[in-house]
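Asks: The following block contains the structure, expressed as structure tokens.
The values are calculated or read from the model by the stated rules, or taken from the named source; none is laboratory data. None of these values were measured; they are calculated from a predicted model. No Cβ is skipped: glycine too gets one built from the backbone with ideal geometry, and neighbour counts run over all protein chains shown. These accessible areas exclude ligands, DNA and RNA; they are computed on the full protein's heavy atoms, side chains included. Shrake-Rupley method; radii C 1.70, N 1.55, O 1.52, S 1.80 Å.
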Amino acid sequence: MFEVTDPWSGLKLVELSHEWGFGVPSLPGHSDVLMYRSVKHAEHGVMATRVRMVMHTGTHMNAPIHLVQRGIGIGELPLNCFFGNGVVLDIPKGRWETIDAEDFEKATPKIEAGDFVVVVTGWHKKYSDSLEYFGEAPGLSASGARWLVERRIRTFAIDTPHVDHPLATSMGAHRGGPLMKRLPGHYKNETGRNPNDDHPVWNVAHKTLLEAGIPTIEQVGGDVSELVGSRCTFHAAPWRGNMLDACPIRFVALIDPTGSARVEPGNNH
């Protein structure tokens with residue numbers, strides 16, 4: 001478990017991000033992260049790195065403008081979307097299953113208004129450049145998204161590659177898709193069902209959250225499975241980018257051994 005304990009407060013910091021960099025898994029249809037040293041120590045005694053990437057790579061946050069025309073960008077989100085208390089929910093799901101309102105009703109700890117909600121399906125363990133990870137993952141249903149909006153949560157995070165079911169995204173036969181060309185036929189052959197009948201609306205769950213001003217975090221990883229069933233304080237750190245639709249983040253949980261998820265005000269010295 002990758003954690004650090006602050007010697008003054010006793011708070012534990014736990015990693016919730018996948019490692020990011022050259023060669024990390026990227027969404028079908030997106031180019032890979034490209035990195036190189038434009039200035040090198042051997043040449044100038046200093047190093048500077050150039051990066052070319054799609055912002056939806058690795059553990060990242062999405063702002064409303066990602067799916068909502070004239071929505072706000074990452075840099076316009078309120079600061080309390082990046083720091084606050086919430087829950088890590090154990091909602092294990094298998095291939096092509098959905099996370100529904102009933103799952104949230106049964107989950108513990110109970111979700112409260114203003115919470116960060118982090119859903120652990122178990123798919124962070126499958127993080128890879130694979131048909132399985134990007135095409136067979138579970139996803140949030142429309143009913144699940146509406147339930148979260150009604151509870152007035154602050155930020156939603158999940159350990160899958162997409163908030164929505166992959167067949168409700170452009171991975172399937174929606175808006176420029178299928179980006180995974182084998183996926184619709186694969187789904188139909190394996191389930192005996194028509195993917196367009198099962199998932200007729202493009203990104204319905206993700207758009208429901210973003211239209212309500214709830215930012216989303218996809219591809220949660222790190223040691224998130226160690227925290228299931230707990231209440232924590234969370235810190236998500238994107239760039240202050242004008243009109244950015246998404247941004248890779250360092251996602252961290254702060255654990256209070258007393259169980260109250262408090263952050264001390266500090267001393268007066």
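Asks: Filter segment 14-39 down to residues that are open to solvent by 30 Å² or more (accessible area, probe 1.4 Å) and assigned to a strand (DSSP E or B) and give me whichever is nearest to GLY172 (Cα to Cα).
Replies: In this case the residue turns out to be LEU34.
Asks: When only residues in segment 56-69 that are in contact with a strand residue (DSSP E or B) (Cβ under 8 Å, 6 or more places away or on another chain) and open to solvent by 10 Å² or more (accessible area, probe 1.4 Å) count, which is farthest from VAL252 (Cα to Cα)? Let's see the steps before the verdict.
Replies: Here is the first cut: in segment 56-69, the ones in contact with a strand residue (DSSP E or B) (Cβ under 8 Å, 6 or more places away or on another chain) are 56-63, 66.
When the remaining residues are screened for being open to solvent by 10 Å² or more (accessible area, probe 1.4 Å), the result is 56, 66.
Working: HIS56: 18, HIS66: 23 Å.
Within segment 56-69, the match that is farthest from VAL252 (Cα to Cα) is HIS66.
Asks: Another question, if that's okay. Out of (1) in contact with a strand residue (DSSP E or B) (Cβ under 7 Å, 6 or more places away or on another chain); (2) surrounded by 24 or more Cβ atoms within 10 Å (Cβ to Cβ); (3) not in a helix (DSSP H, G or I), the odd one out for ILE214 is which?
Replies: So ILE214 meets the others, but not (2).
Asks: Provide a single number: the residues in segment 22-50 that are in contact (Cβ under 8 Å) with a residue 40 or more places away in the chain and in contact with a Leu (Cβ under 8 Å, 6 or more places away or on another chain). Show your work before the answer.
Replies: Going through segment 22-50, the residues in contact (Cβ under 8 Å) with a residue 40 or more places away in the chain turn out to be 25-29.
Add one more test, that the residue is in contact with a Leu (Cβ under 8 Å, 6 or more places away or on another chain), and what stays is 27-29.
The number of residues fulfilling the criteria is 3.
Asks: Does segment 229-238 contain at least one residue that is at pLDDT 95 or above, under 19 Å from THR155 (Cβ atoms) and aliphatic (A, V, I, L, M)?
Replies: Checked segment 229-238: at least one residue is at pLDDT 95 or above, under 19 Å from THR155 (Cβ atoms) and aliphatic (A, V, I, L, M).
Asks: Looking at segment 206-226, can you tell me whether even one residue there is within 17 Å of ALA145 (Cβ to Cβ), under 15 Å from the mean Cα position of the chain (by Cα), at pLDDT 95 or above and acidic (Asp, Glu)?
Replies: The answer is yes; a qualifying residue exists.
Asks: Would you call ALA142 modelled with pLDDT of 95 or more, within 18 Å of HIS18 (Cβ to Cβ) and of a type outside the set (Val, Ile, Thr)?
Replies: Values: modelled with pLDDT of 95 or more: yes; within 18 Å of HIS18 (Cβ to Cβ): no; of a type outside the set (Val, Ile, Thr): yes.
Criteria not met by ALA142.
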